[in-house]
Amino acid sequence: MISMKLVAALFAAAFSFAVAPAFADEGGALPSYPLKKPELEKWSFAGPFGKFDTAQLQRGYQIYKEVCSNCHSIKYMTFRNLGQEGGPHFTPDQVVSLAAGYQVSDGPNDAGDMFQRPGKPSDHFPAPFPNVEAAAAANGGAAPPDLSLMAKARGVERGLFWAIVDFFTQYQEGGPDYIHSLLTGFQDPPAGVTIPDGTYYNPYFMNAASLHMPPPLKDDIVTYTDGTPQTVDQYARDVAAFLMWTAEPHLVERKRMGFEVIVFLVVFAGLMFLTKRKVWEKVAH
Amino acid sequence: MSGTSTYQPKNPVAKWFEARLPILGFAHSSFVAYPTPRNLNYWWNFGAILTFMLVAQIVTGIILAMHYTPNADLAMNSVESIMRDVNYGWLLRYLHSNGASLFFFAVYVHILRGMYYGSYKEPREVLWILGLIIFLLMIMTAFMGYVLPWGQMSFWGATVITNLFTAIPLVGNSITTWLWGGFSVDNPTLNRFFSLHYLLPFMIAGVVGLHIWALHIPGNGNPTGVDVKSSQDTVPFHPYYTIKDVFGLSVFLILFAWLVFYVPNYLGEPDNYIAANPLQTPAHIVPEWYLLPFYAILRAIPNKLIGVIALFSAIAVVAFVPWLDTSRVRSATFRPIYRQFFWIFVAVGLGLGYLGSQPPEGGYVIAARILTVYYFAHFLIVLPLVGLLERPKPLPSSITEAVLARNAAKA
């Protein structure tokens, strides 16, 4: 028994000895990106009973349309999605007129030519650039990524401890937190830090200290009609929520069904447990 | 399969049928009358859970395949159309992707239960090896399935793993080109991975049939490791274990539902929601969590060929456990030293999993090397030596005696 404890102790010592430098590395010379972790925000769609805030999604759509869509596509989305209940929930008439406000390419027609026509609810959102190469050429070599899935395609590692906690607290908002922090995080580089030409310093950016996208938001650039504050922070919050919806349009339905399923399973498991106890009552085991 | 086939159908149609194909009697003796030790604990639930998961994966997978397009330009579009436009497509896909994770979670518990209670020992060696073959097929199936959405991690994961074959001397590059169907991971690779991802689960189902057959010849092991000595030691499978399995499965499904409905992307990599881009390598290429310990072993070794050999050996060595373990006692309950080494082994496995998720640099590599050496030492040194040197506790003379003694102690 004593020898066993010795083995275990030696083993633990060897392991901690080997791992210690790994943790020391974290404060080392090479910076690890992002320089700052995303700030954690409160979202209406977080948690087991989370729901999208319809007004917020409508505002978020407005930001996307007036600001983001100049460079970024949302290719997986159709106009009809905008009428989704639990989503932005525009009325059918609003969806038709919103769609008609876009020109989409269609064809070929009888003469064999492609042509432009006003959008219909069943159309996908048109992209601002005809292809990736054109997008890159117009934006200093870095093509603006599609935003449909952005809120699920970005996640900053939170370390082992938080990874375990997140399972129980259902933290799934790393994407919108990241988008909000990035959009509000543009600033002048600290003294002594040089960044490549044509990039903008942002400590929240995942891959480097600066990115090609210029700060897209300024106070009061989009006019809200419902009296919501017209600040960069509010704009960023609204568009992040909108992008969570484009990434996961069935989120509300999913969580609602999840609650029903889990309540059912807990009751069912309880009944099965009682049945099992009854069946085994007379058999020692 | 084994057991008493005393089944006599009363219904005339069943009688007529039974005289021609005795499948009802077969099912009755295998899953109703089948004598099962009366003392199985909840760790024995995982066989039934795994059977359920295999069926669930096949059912959701077949429906997903009706909507999926295995083409490098269209795969991600089709996955997103499943997520957005197919009725309950999001549910099917999240069930399938999280189902794979829970399948592996259950199989790891199942394997570790076998290691703890010595389920691999004579006369169950073939049963053990068949289980390991299922595990290997599961790894291949899961890997190919992960490639299908054709996201960044799909593409680069496929690139890293298929590149392992280039380490084979002389013919490595030719084999890799043959696997790819071209000179890099591309559309032909995706097509064949889809085809094989659809095929392999049915092979798994076949080997599962053999696995259950091989189980029903000697019958179940049990927590004491003592053989069944009389009919007093057993109960019929139905209703005793059918109800217990349904209860265990219900609890397991709560965990499954939590993942699917509340944190469906918790176990996934955000990078896989970015379309595959052969020109842009992700910062960290990591496999799904269930393959991380093996990934850590692969990267712990600086030489590529030896790393690949170590990776495959880490799985193959498990097949030899029935002969590496020299102890005459099955259950760790009566093996005080082995029991401690078992838990150290579990900790080492978890440690390797963590290290597999970290970048291969600095202290992480050194730690991974130490744990890799220990992983193999557990099988090649600890198992043979502990079996010879350890003095096991006295065994109960029968299952029934052990049960009654424990109940008396409780009362």
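The values are calculated or read from the model by the stated rules, or taken from the named source; none is laboratory data. Note that the structure is a prediction, hence the values are computed from the model and not measured. Glycine gets a Cβ as well: all are built from the backbone with ideal geometry, and neighbour counts include every protein chain shown.
Residues that are within 7 Å of chain A (Cβ to nearest Cβ) and outside any helix (DSSP H, G or I) within the range B:235-261 comprise just one, B:V235.
A:D146 - would you say it is within 22 Å of A:K65 (Cβ to Cβ) and modelled with pLDDT of 95 or more? It is true that A:D146 is within 22 Å of A:K65 (Cβ to Cβ) and modelled with pLDDT of 95 or more.
Among the helices (runs of 4 or more DSSP H) confined to the range B:1-107, the ones with at least 2 residues that are crowded, with 16+ Cβ neighbours inside 10 Å are located at B:23-31, B:46-67, B:75-84. Of the residues that sit in the range B:262-290 and are aromatic (F, W, Y) and in contact (Cβ under 8 Å) with a residue 60 or more places away in the chain, which one is farthest from the other protein chains (Cβ to nearest Cβ)? Among those residues, the one meeting the criterion is B:Y290. Does the range A:96-108 include one or more residues that are among the aliphatic types (A, V, I, L, M), surrounded by 11 or more Cβ atoms within 10 Å (Cβ to Cβ) and touching a strand residue (DSSP E or B) at 6+ places or on another chain (Cβ under 7 Å)? There is at least one residue in the range A:96-108 that is among the aliphatic types (A, V, I, L, M), surrounded by 11 or more Cβ atoms within 10 Å (Cβ to Cβ) and touching a strand residue (DSSP E or B) at 6+ places or on another chain (Cβ under 7 Å). Here is the figure for the range B:219-256: residues that are surrounded by fewer than 19 Cβ atoms within 10 Å (Cβ to Cβ) and touching a Ser or Thr at 6+ places or on another chain (Cβ under 8 Å) total 5.
Out of A:P118, A:P128, A:P145, I need the residue that is out of contact with any strand residue (DSSP E or B) (no Cβ under 7 Å at 6 or more places or on another chain) and either more than 12 Å from chain B (Cβ to nearest Cβ) or surrounded by fewer than 16 Cβ atoms within 10 Å (Cβ to Cβ) (or both). Which one?
A:P128
Counted as qualifying within the range B:332-411 are the helices (runs of 4 or more DSSP H) with 3 or more residues that are within 26 Å of B:L292 (Cβ to Cβ) and within 10 Å of chain A (Cβ to nearest Cβ), namely B:336-357, B:363-377. Go through the residues of the range A:68-90 one by one and say whether even a single one is on the phi > 0 side of the Ramachandran plot and in contact with a helix residue (DSSP H, G or I) (Cβ under 7 Å, 6 or more places away or on another chain). Yes, some residue in the range A:68-90 is on the phi > 0 side of the Ramachandran plot and in contact with a helix residue (DSSP H, G or I) (Cβ under 7 Å, 6 or more places away or on another chain).
Only residues that are without any contact (Cβ under 8 Å) to a residue 40 or more places away in the chain and of a type in the set (S, T, N, Q) were counted across the range B:336-394, and they come to 2.
Yes/no per residue for (1) part of a loop (DSSP other than H, G, I, E, B); (2) more than 9 Å from chain B (Cβ to nearest Cβ); (3) modelled with pLDDT of 95 or more; (4) touching a helix residue (DSSP H, G or I) at 6+ places or on another chain (Cβ under 7 Å):
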position	(1), (2), (3), (4)
A:P229	yes, yes, yes, no
A:D233	no, yes, yes, yes
A:P249	yes, no, yes, yes
A:V266	no, no, yes, yes
A:V279	no, no, yes, yes
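Would you confirm whether or not the range A:154-170 contains a residue that is on the phi > 0 side of the Ramachandran plot and in a loop (DSSP other than H, G, I, E, B)? Yes; the residues of the range A:154-170 include at least one that is on the phi > 0 side of the Ramachandran plot and in a loop (DSSP other than H, G, I, E, B).
Going by the structure shown, is A:V156 β-branched (V, I, T) and surrounded by fewer than 17 Cβ atoms within 10 Å (Cβ to Cβ)? Against the criterion (β-branched (V, I, T) and surrounded by fewer than 17 Cβ atoms within 10 Å (Cβ to Cβ)), A:V156 does not qualify.
Residues are listed down the side, and each one gets a yes or a no for (1) under 18 Å from B:F261 (Cβ atoms); (2) within 14 Å of chain A (Cβ to nearest Cβ):
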position: B:V55; (1), (2): no, no
position: B:I62; (1), (2): no, no
position: B:M66; (1), (2): no, no
position: B:D73; (1), (2): no, yes
position: B:N77; (1), (2): no, yes
position: B:V86; (1), (2): yes, yes
position: B:L92; (1), (2): yes, yes
position: B:L95; (1), (2): yes, yes
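Among the numbered criteria (1) closer than 30 Å to B:N220 by Cα; (2) touching a His at 6+ places or on another chain (Cβ under 9 Å); (3) in the same structural domain as B:V208 (by TED's automatic domain parsing), which one does B:M83 miss? (1) is the only condition that B:M83 fails.
For (1) in contact with a strand residue (DSSP E or B) (Cβ under 6 Å, 6 or more places away or on another chain); (2) in the same structural domain as A:Y64 (by TED's automatic domain parsing); (3) without any contact (Cβ under 8 Å) to a residue 12 or more places away in the chain; (4) buried (at least 24 other Cβ atoms within 10 Å of the Cβ), each residue gets a yes or a no:
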| residue | (1), (2), (3), (4) |
| --- | --- |
| A:I179 | no, yes, no, yes |
| A:G185 | no, yes, no, no |
| A:G192 | no, yes, yes, no |
| A:I195 | yes, yes, no, no |
| A:T199 | yes, yes, no, no |
| A:M206 | no, yes, no, no |
| A:H212 | no, yes, no, no |
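The conditions of being under 21 Å from B:I134 (Cα atoms) and either among the small types (G, A, S) or out of contact with any strand residue (DSSP E or B) (no Cβ under 8 Å at 6 or more places or on another chain) (or both) are not met by B:I301. If you check A:V96, A:V67 for being aliphatic (A, V, I, L, M), touching a residue at least 24 places away in the same chain (Cβ under 8 Å) and not assigned by TED's automatic domain parsing to the domain that holds A:S148, only one passes: A:V96.
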